[in-house]
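The values are calculated or read from the model by the stated rules, or taken from the named source; none is laboratory data. On a predicted model such as this, the values are computed, not experimentally measured, just so you know. Backbone-built Cβ (ideal geometry, glycine too); neighbour counts: all protein chains shown. These accessible areas exclude ligands, DNA and RNA; they are computed on the full protein's heavy atoms, side chains included. Shrake-Rupley method; radii C 1.70, N 1.55, O 1.52, S 1.80 Å.
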Amino acid sequence: MKEIALMVGVLALSVVLGTGLCLANVPAPPVDQNIGFWDKTFNNMSETDCRGCHGDNLVGLHHQLITTKGLLCTSCHKLDCSTGTCQFASFRDCFQCHSQVAGQASVHHLGQAAQDGDCASCHGDLVQNRTDGHYIPTYNATMVTPRPSDGTGVNGKGACDYCHSWGNDFGTGNLVYANKETHHNTGLGQDSSKCTWCHDSQAGTGLKIRACEQCHAPQSMHNIQVDTNNDGKIVPGGELPYQGHIGNNEDCLGCHGGAADQISIGGGNGGWSLFNPTRHHLLVQKNGKKCLDCHTLYRNDQGIFVFKDFRTCSTCHRNGGRRP
Ligand code: HEC
Ligand code: HEC
Ligand code: HEC
Ligand code: HEC
Ligand code: HEC
Ligand code: HEC
Ligand code: HEC
Ligand code: HEC
Ligand code: HEC
Ligand code: HEC
């Protein structure tokens with residue numbers, strides 16, 4: 001994915017310092033564009049756009065297919081004799097041979113890999129494939145369960161669109177498109193056989209996010225982060241806010257909201273009847289606890305951030321005591 005680095009410049013961190021920091025009631029800034037593709041639609045491209053990413057000289061790339069895929073010159077270069085004299089049909093314009101459906105579907109997502117659901121083959125580990133058997137939680141919705149949109153926290157905290165889906169990028173001034181547009185305009189959102197790839201119409205409001213987790217499951221979600229101070233390592237909770245998903249407690253809250261009016265979802269009527277996660281999560285509001293005070297993220301053998309066990313009381317409450 002080397003193209004990516006060329007597409008987007010690194011934004012000055014001073015922009016971030018000027019916004020939102022320490023101010024709990026200020027909305028998140030429009031999401032930066034340092035990682036992944038620009039959050040927009042790409043189904044109205046011209047040959048120039050294609051060459052913007054793929055380069056000016058695509059002769060070698062195509063001609064190597066003679067060896068690797070056994071193609072013939074005439075597989076690509078057609079003689080056009082319609083005018084009486086024969087000449088080669090245009091072979092520079094990408095759309096002679098590759099197709100997009102203008103305004104609806106992009107070249108890349110009409111290709112076999114995308115149609116097969118193999119998003120990771122081009123998007124890398126920013127996403128997980130639907131069919132790779134990855135972990136998606138099955139427990140009930142609680143007061144910290146993220147939502148795709150309409151977060152119930154302050155300013156809409158607790159949902160993807162709290163950060164993504166709105167505003168103009170501070171670095172370039174370009175518009176950040178809404179999640180519905182970026183996803184539907186690949187073309188996948190036009191295909192009625194693929195709605196369930198991203199939506200579960202049966203799921204209640206609190207559990208809509210689980211369909212998104214077919215590609216955005218905890219493992220990929222908690223591994224997207226910019227190294228904000230360029231010290232060569234990512235410290236969960238120790239980076240500037242709004243530069244990824246795990247750098248700062250504000251980032252956790254952006255998705256996990258923690259709105260008081262969701263306590264009822266967590267279960268129990270208070271006191272000892274409280275459902276155990278709720279008991280602990282109430283301490284976020286009550287005692288100003290941060291998510292990472294209890295949930296430890298560490299890199300596993302594959303270098304992937306995972307959570308230390310948070311189910312066994314004795315992981316945190318030593319000697320069986322109430323105080324950890
Ligand atoms: C934003 C950058 C970008 C733009 C713009 C872009 N491409 Fe691509 N394209 C990629 C990346 C990244 C891949 C992934 C494969 C690779 O190059 O390693 C890819 C892959 C492809 C493939 C291989 C598809 C497959 O299924 O393996 C084709 C064909 C292609 N692009 C054609 C085009 C055409 C035609 C256009 C213009 C309509 C275009 N691309 C515009 C970045 C881009
Ligand atoms: C997979 C499709 C494909 C095949 C097979 C193919 N070509 Fe091409 N060829 C292209 C494309 C696409 C371009 C234009 C690339 C560009 O403009 O960046 C091109 C460009 C050319 C050019 C112009 C070179 C230049 O420097 O601009 C010549 C000459 C050519 N091809 C001859 C051939 C011959 C001879 C064969 C068989 C040995 C062949 N091609 C096979 C796709 C193909
Ligand atoms: C004359 C026909 C033709 C034109 C014009 C053409 N391509 Fe292709 N291209 C092909 C064919 C055929 C393939 C092989 C498709 C396959 O393997 O299924 C291909 C494959 C590719 C691939 C994947 C290469 C790989 O290693 O698998 C990319 C990327 C690509 N084209 C980009 C472009 C871009 C960008 C343009 C315009 C600048 C363009 N093509 C113009 C015929 C063409
Ligand atoms: C052949 C490579 C390729 C495959 C496979 C692929 N994509 Fe993409 N995707 C791209 C490229 C290149 C872009 C940017 C240009 C474009 O949209 O054509 C992109 C852009 C996107 C965007 C919009 C950009 C953004 O940041 O929001 C979404 C959403 C997206 N892809 C979803 C998917 C999904 C879902 C799948 C799997 C079902 C998938 N892609 C498979 C290459 C690919
Ligand atoms: C607290 C703000 C915030 C929230 C809430 C948030 N994100 Fe992000 N996300 C970011 C930032 C910042 C980046 C990195 C942007 C950059 O520099 O490219 C990012 C990057 C991503 C990327 C990598 C691709 C890209 O375009 O940058 C994906 C995929 C992603 N987020 C998915 C999600 C999903 C799914 C949700 C909801 C479950 C969500 N995000 C909620 C801030 C947030
Ligand atoms: C590649 C993923 C993807 C596919 C496939 C897809 N959508 Fe969506 N859709 C999204 C995203 C992301 C949103 C934004 C969700 C939000 O912000 O709540 C959305 C939003 C929507 C919304 C409005 C918000 C909501 O959730 O009610 C509707 C309605 C919708 N999609 C219907 C469809 C239909 C019908 C199909 C099949 C024809 C489809 N989608 C296919 C990703 C997808
Ligand atoms: C079939 C796989 C798939 C599903 C399911 C899916 N997405 Fe995505 N999503 C992607 C891909 C691929 C990208 C582009 C990552 C990149 O920039 O390279 C993306 C990017 C994002 C981003 C980052 C912003 C952007 O546009 O790049 C957000 C936010 C997001 N998705 C939200 C959602 C929501 C909400 C849902 C459920 C309604 C959902 N996604 C379902 C594949 C999926
Ligand atoms: C981009 C959105 C996003 C951000 C930011 C985020 N998470 Fe998550 N997290 C999720 C999603 C989605 C799930 C799955 C929730 C579900 O399905 O119930 C999850 C699940 C979890 C889980 C349960 C994992 C399991 O094994 O079931 C913990 C613990 C967690 N997150 C803690 C955190 C902490 C701590 C932070 C900040 C460092 C954080 N999250 C930041 C999206 C996010
Ligand atoms: C005071 C400690 C503490 C804090 C602070 C805390 N958690 Fe938890 N969390 C726990 C414990 C303990 C569990 C598991 C309880 C059980 O299974 O008995 C848990 C469970 C979870 C789960 C799984 C939910 C379920 O129903 O099983 C998620 C998701 C989660 N935490 C996310 C977060 C996020 C995000 C934050 C910050 C808003 C946070 N936690 C803050 C202690 C804490
Ligand atoms: C991931 C770490 C973690 C795990 C696992 C954990 N706890 Fe806790 N627990 C804490 C922390 C931190 C506090 C808050 C201590 C403080 O007030 O400073 C706490 C507080 C409590 C409290 C007091 C709540 C209050 O309102 O003050 C009870 C009761 C409790 N835990 C019971 C349990 C039980 C029972 C389990 C196992 C089922 C458990 N905890 C698992 C971290 C954890």
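Below are the figures for this structure:
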{"quantity": "Number of the exception - residue 31 against (1) open to solvent by less than 50 Å² (accessible area, probe 1.4 Å); (2) on the phi < 0 side of the Ramachandran plot; (3) out of contact with any His (no Cβ under 7 Å at 6 or more places or on another chain)", "calculated": "(3)"}
{"quantity": "Sole exception among (1) within 16 Å of ligand 3 (Cβ to nearest atom); (2) over 14 Å from the mean Cα position of the chain (by Cα); (3) touching a residue at least 40 places away in the same chain (Cβ under 8 Å) for residue 207, by number", "calculated": "(1)"}
{"quantity": "Test: residue in the stretch 39-48 that is open to solvent by 70 Å² or more (accessible area, probe 1.4 Å) and more than 16 Å from ligand 6 (Cβ to nearest atom)", "calculated": "yes"}
{"quantity": "Positions within the stretch 35-89 being over 23 Å from residue 105 (Cβ atoms) and within 16 Å of ligand 7 (Cβ to nearest atom), in sequence order", "calculated": "35"}
{"quantity": "Residue list for the stretch 145-198, filter: among the hydrophobic types (A, V, I, L, M, F, W, C), free of Cβ contacts under 8 Å to residues at least 60 places away in the same chain and not in a helix (DSSP H, G or I)", "calculated": "178, 198"}
{"quantity": "The stretch 56-75, residues that are touching a helix residue (DSSP H, G or I) at 6+ places or on another chain (Cβ under 8 Å) and open to solvent by 70 Å² or more (accessible area, probe 1.4 Å)", "calculated": "61, 62, 66, 72, 73"}
{"quantity": "Members of the stretch 132-181 that are open to solvent by 30 Å² or more (accessible area, probe 1.4 Å), more than 12 Å from ligand 9 (Cβ to nearest atom) and β-branched (Val, Ile, Thr)", "calculated": "136, 152, 154, 172"}
{"quantity": "Test: residue 120 is touching a helix residue (DSSP H, G or I) at 6+ places or on another chain (Cβ under 6 Å), open to solvent by less than 70 Å² (accessible area, probe 1.4 Å) and over 25 Å from residue 29 (Cβ atoms)", "calculated": "no"}
{"quantity": "Subset of the stretch 76-117 [of a type in the set (Ser, Thr, Tyr) and open to solvent by 50 Å² or more (accessible area, probe 1.4 Å)]", "calculated": "82, 83, 85, 90, 99"}
{"quantity": "Residue 53 surrounded by 13 or more Cβ atoms within 10 Å (Cβ to Cβ), away from ligand 9 (no atom under 16 Å from the Cβ) and at pLDDT 90 or above", "calculated": "yes"}
